[in-house]
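S.K.: Pasting a structure here, questions to come.
Bear in mind that the values in this text are calculations on the coordinates, not laboratory data. Values in this document were obtained by computation on a predicted structure and should not be read as measured data.
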């Protein structure tokens, strides 16, 4: 059990039988009445965000989340196949279970899988990934008043906005948290 006064962003708690991740936290002391805690929670199973008000000093259950390292091997249809880095066992996850992380996976990518009661609830890919540009239009300088940009499709199928000087075959670094171009690697 964890005291509501000790909640912080990033803590995992269990409410109503479901795991939640605290994304925002505010301890409020009104002029009249008891103090309370206002939290924004992300349901780790459905991905929905909820706001809850909890009484200060109450206890909530800590969610038991398991993390394990995995290496992405290949995709077959809607399933993504991984190898556990400790036991070397193979397992598959669907695109729904992976969520946005599936956009950044190429063969050999290492990531952390977070599971709750044996069910995968989140995949944490590296913050920056290096991917090759599979398709992009030729950028023409002078078409814009400011520095221009264009869309590029990466080897994983993700589409990002890149500067005009990027061409097909270039390897770029992308921030997986925002999906934005960072710099050209090769």
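S.K.: If you average the sequence gap of Cα pairs under 8 Å that are 6 or more apart and divide by the length of region 65-124, what percent do you get for the contact order?
M.R.: Taking the mean separation of contacting Cα pairs over the length of region 65-124, I get 37 percent.
S.K.: How large are Rg and Dmax for region 2-62 when only the alpha carbon atoms are used, in Å?
M.R.: Taking only Cα atoms of region 2-62, I get Rg and Dmax of 11.3, 37 Å.
S.K.: For region 37-139, what is the relative contact order in percent, using Cα pairs closer than 8 Å and at least 6 residues apart in sequence?
M.R.: 21 percent.
S.K.: Quick check on the chain: helices-only [θ] at 222 nm, where DSSP H runs of length 4 and up contribute -39,500 (n - 2.57) each and the sum goes over total residues. Nearest 500, please.
M.R.: When only DSSP H runs of four or more count, the value is -500 deg cm²/dmol.
S.K.: Which residue, 80, 116, 88, tops the fluctuation ranking in a GNM of the chain built on C-alpha contacts under 10 Å?
M.R.: 88
S.K.: Looking at the chain as a GNM with Cα springs under 10 Å, which of 33, 69, 148 has the largest mean-square fluctuation?
M.R.: The residue with the greatest mean-square fluctuation here is 33.
S.K.: To two decimal places, what compactness ratio does region 61-143 give when its Cα radius of gyration is scaled by 2.2 N^0.38 Å?
M.R.: Compared with the compact-globule rule of thumb, region 61-143 sits at 1.36.
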